[in-house]
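Read the structure below first, then the notes.
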Amino acid sequence: MAALDTSLPESFMRSSDAPRYVKAGKGVLRFFRTKPLGGFGALVLVLIMGVGAFSPWIATHDPNVADLNHILEGPSSAHWFGTDFNGRDYFSRIVFGCQVTAMVGLGTVILTAILSLSVGLMSGYFGGKFDFIIQRFVDIWLSFPAIFLILTLVAVLQSGSGGGFFGLGRGPEVGPNPVNGDWFWYTFPRTTIVILALGVVGAGGASRVIRSAVLGTKAFPYVEAAIVVGANHPRIILKHILPNIMPTVIVLATIQLGTAILAEATISFLGVGVTNFPTWGQMLSGRTRELAETHLYLVVFPGTAIFLAVFGFNMLGDALRDVLDPRLRGTR
Amino acid sequence: MTQYIIRRLILMIPTLIGVSLLIIFFLRLLPGDAVDILISQTEVQGISESFKSLVDVELKKQGFEDPGTAPRDARRAVENQLIDARLKSDGLDPATASPDKRNVARNDLALQEYGDVIRRRVGLDKNFIGQWWSWISNAIRGDLGVTLIGSRPIDAELQRRIPVSTQLGLLGMVFGVLIALPTGIVSAVKQDSWVDYAMRSAAIAMLALPSFFLATLVIALAGRWFDYSFPIFYKQLWDDPKTNMELVLIPGFILGIGLSGTLLRLTRAQMLEVLRQDYIRTARAKGLGARSVIFGHAVRNAMIPVITIIGLQVPVLIGGSLVLEQIFGIPGIAQYLLVSILNREFPAIIAINMVVAVVIVASNLIVDIMYAYLDPRVKLS
């Protein structure tokens with residue numbers, strides 16, 4: 001009696017036998033090949049996080065040291081992006097601006113994810129009266145232009161001298177030099193306030209998207225099966241629903257990253273956000289605008305940096321949506 | 001239909017109450033010393049006035065009908081009494097205190113009274129609900145309060161600024177639609193061609209382009225290439241239409257660009273949805289020309305959700321006008337918010353946010369009603 005051949009076709013074997021990192025690597029390569037603009041967005045993400053983390057080593061000059069002998073010089077080999085009206089190196093300021101961009105972007109996305117996931121999951125899963133009441137609160141949240149709410153929140157949280165709200169206060173107006181000094185603790189109060197405002201305001205709209213994803217997932221038979229088997233609510237939410245809405249969450253987070261960076265730049269431009277550290281939005285405001293006509297590069301460099309970051313994240317979000325979650329197509 | 005509208009109007013009330021509670025709650029988060037900061041920024045005039053009013057109150061207690069006509073020595077005596085009491089509470093002996101110390105005590109008294117007046121005006125002397133109730137009952141009667149510094153009425157300021165913002169917002173909406181609809185339709189009809197890809201990338205680029213960057217570039221390049229500078233002072237449309245349009249047209253266009261990214265993508269998605277429908281195939285099968293199919297059948301049906309989304313962009317328009325009003329010096333409502341925030345003018349911040357929320361809630365209602373009217377399939381329940 002011939003032994004039963006239980007081996008699988010060779011092609012199938014090969015793909016399942018390959019170690020996980022090889023498969024993941026292939027997936028990433030395919031993503032870059034089929035979605036070049038999404039790949040560009042991924043590169044922008046890596047670039048901003050990398051430059052933000054290593055900015056003291058990448059910057060060629062101290063971003064806060066004014067050199068009055070070299071004010072408003074155009075781009076040259078000594079100053080790659082030129083110098084500003086105080087003679088500070090523009091390239092180094094853009095490099096250090098990455099820190100605020102990266103911190104605010106990441107912090108906001110994490111805070112928004114926590115808030116909108118808890119609200120969206122609970123509201124969508126339990127439904128009924130609970131859902132109705134929670135959604136009326138979200139209605140209230142969405143009755144303001146986001147930027148109005150952000151500005152009001154930041155202003156309120158930054159008010160008060162010394163301790164201020166939650167002991168955050170405003171932080172020092174002029175602090176140690178960010179190259180050698182403890183720059184993180186120096187910008188910490190203001191960055192935290194901006195993150196709090198952006199995260200809380202962004203969570204309203206995001207929770208709506210998550211709620212509708214939960215409603216879609218809840219209707220699947222496997223959730224019903226879990227209920228029949230006797231799984232409790234936390235188990236169903238965390239083990240059965242959350243993993244299935246993860247693609248939506250990832251796509252949402254990527255797009256939120258772009259939105260948060262744009263909002264941070266906007267409030268910095270208006271002179272409200274992280275005002276004691278170089279940020280891209282702040283570099284475009286004040287005297288830069290007066291000098292824009294004669295020194296165009298002062299506007300072009302930070303503006304392009306903001307544009308590329310936001311454009312890259314939107315493209316990445318779009319590409320991820322096509323790959324991970326076709327349901328979301330055309331929602332934004 | 002009437003019933004539906006009435007029900008929606010009633011549902012608006014709890015939302016608006018929630019909105020007002022939320023704004024006042026935010027301002028309650030303020031640490032107590034916010035008023036002190038405000039005081040440290042105010043002019044001496046207001047503070048010495050408040051000392052005078054403190055003395056007036058004391059004079060009234062002593063039986064003077066009109067404190068303004070009280071004899072000078074009576075006033076002086078009361079002033080000294082107040083200062084002595086303050087010195088005593090500070091642990092100093094009023095009899096031996098130097099004139100400097102007396103001056104300091106007088107100043108402290110005045111500052112405290114001034115702070116109390118402001119706290120009373122903002123409602124910080126009451127609890128949260130009391131403060132909310134006094135604000136909302138005044139607001140319903142049309143009184144939005146006065147600014148902390150200068151005591152200027154806020155509603156008069158809003159009345160001046162709302163038409164300005166409305167003009168800018170409408171221009172932005174018109175430009176946004178003019179850009180997005182044709183490109184969205186072309187993008188859908190030529191799906192997956194290079195035109196489609198270019199337009200879709202452009203739509204994402206428009207979403208990513210910071211309006212303040214674009215505005216600064218436009219102003220700089222207009223000066224550089226055409227030696228043109230924008231008018232510095234805003235003129236009302238009915239006073240000086242040419243200056244007004246010169247100043248508002250470009251910001252309106254930039255606002256429209258920001259809006260068009262979202263609209264383009266939605267128009268395209270809706271067109272693709274409609275173009276797949278059976279009645280489009282029928283129209284083609286019976287021999288209608290491409291133009292007649294697209295404009296006669298497809299666009300008309302695709303526009304229903306697009307129109308409602310245009311209405312839902314009102315918050316985006318108001319938020320976007322913030323930066324543009326600031327850059328171009330247009331005295332609109334968003335610029336007023338920014339000025340109020342920078343000056344910590346809390347009564348004005350509450351009033352502006354409230355007015356804007358009312359506009360947004362109302363526009364959402366209009367959108368829903370229009371949707372029900374345009375699309376008979378929508379159930380009014």
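For the stretch A:282-291, check the following and say yes or no: at least one residue is facing another protein chain (nearest Cβ under 9 Å), open to solvent by 10 Å² or more (accessible area, probe 1.4 Å) and free of Cβ contacts under 8 Å to residues at least 60 places away in the same chain.
yes
Is at least one residue of the stretch B:173-193 among the acidic types (Asp, Glu) and part of a helix (DSSP H, G or I)?
No: the stretch B:173-193 contains no residue that is among the acidic types (Asp, Glu) and part of a helix (DSSP H, G or I).
Restricting to the stretch B:277-293, name every residue that is closer than 18 Å to B:Ile185 by Cα and loosely packed, with under 12 Cβ neighbours inside 10 Å.
Within the stretch B:277-293, B:Gly289, B:Ala290, B:Arg291 qualify.
Has the stretch B:285-305 got at least one residue that is assigned to a helix (DSSP H, G or I) and touching a Ser or Thr at 6+ places or on another chain (Cβ under 6 Å)?
No: the stretch B:285-305 contains no residue that is assigned to a helix (DSSP H, G or I) and touching a Ser or Thr at 6+ places or on another chain (Cβ under 6 Å).
Surrounded by 13 or more Cβ atoms within 10 Å (Cβ to Cβ) and part of a helix (DSSP H, G or I): which single residue out of A:Leu37, A:Leu29 fits that description?
A:Leu37
Which residue pairs have Cβ atoms closer than 6 Å, lie 6 or more positions apart in sequence or on different chains, and pair a first residue in the stretch A:139-151 that is at the interface with chain B (Cβ under 7 Å from one of its Cβ atoms) and under 18 Å from B:Asn343 (Cα atoms) with a second residue that is part of a helix (DSSP H, G or I) and open to solvent by 10 Å² or more (accessible area, probe 1.4 Å)?
A:Ile147/B:Gly319
Being more than 9 Å from chain A (Cβ to nearest Cβ) and touching a residue at least 24 places away in the same chain (Cβ under 8 Å) is the filter here; which residues of the stretch B:216-232 pass it?
B:Val218, B:Phe230, B:Ile232
Looking at A:Leu262, A:Leu320, A:Leu316, which is the one that is in a helix (DSSP H, G or I), more than 11 Å from every other protein chain (Cβ to nearest Cβ) and within 18 Å of the chain's Cα centre (by Cα)?
The match here is A:Leu320.
Output the helices (runs of 4 or more DSSP H) that fall wholly within the stretch B:69-142 and possess 2 or more residues being at pLDDT 80 or above and under 18 Å from B:Phe25 (Cα atoms), or say none.
On the way: elements: B:72-89, B:99-122, B:128-140.
The qualifying helices (runs of 4 or more DSSP H) are B:128-140.
Each row is one residue, and each column tells you yes or no for (1) open to solvent by 60 Å² or more (accessible area, probe 1.4 Å); (2) free of Cβ contacts under 8 Å to residues at least 24 places away in the same chain; (3) outside the structural domain of B:Ile294 (by TED's automatic domain parsing).
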| position | (1), (2), (3) |
| --- | --- |
| B:Asn107 | yes, no, yes |
| B:Ile140 | yes, yes, yes |
| B:Leu148 | no, no, yes |
| B:Val164 | no, no, no |
| B:Pro182 | yes, yes, no |
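Here is a list of conditions, (1) among the basic types (Lys, Arg); (2) crowded, with 19+ Cβ neighbours inside 10 Å; (3) without any contact (Cβ under 8 Å) to a residue 24 or more places away in the chain, and A:Arg88 meets all of them except one; can you say which number that is?
(3)
So which residues in the stretch A:265-281 are more than 8 Å from chain B (Cβ to nearest Cβ) and assigned to a helix (DSSP H, G or I)? Let's see the steps before the verdict.
Just the residues of the stretch A:265-281 that are more than 8 Å from chain B (Cβ to nearest Cβ), to begin with: A:267-268, A:273-280.
Passing the criteria: A:Ile267, A:Ser268, A:Trp280.
The values are calculated or read from the model by the stated rules, or taken from the named source; none is laboratory data. Source: prediction; values computed, not measured. Cβ coordinates were reconstructed from backbone atoms using ideal geometry, including for glycine residues, and neighbour counts include every protein chain displayed. Areas reflect the complete protein model, heavy atoms only, side chains present, ligands, DNA and RNA absent. Shrake-Rupley method; radii C 1.70, N 1.55, O 1.52, S 1.80 Å.
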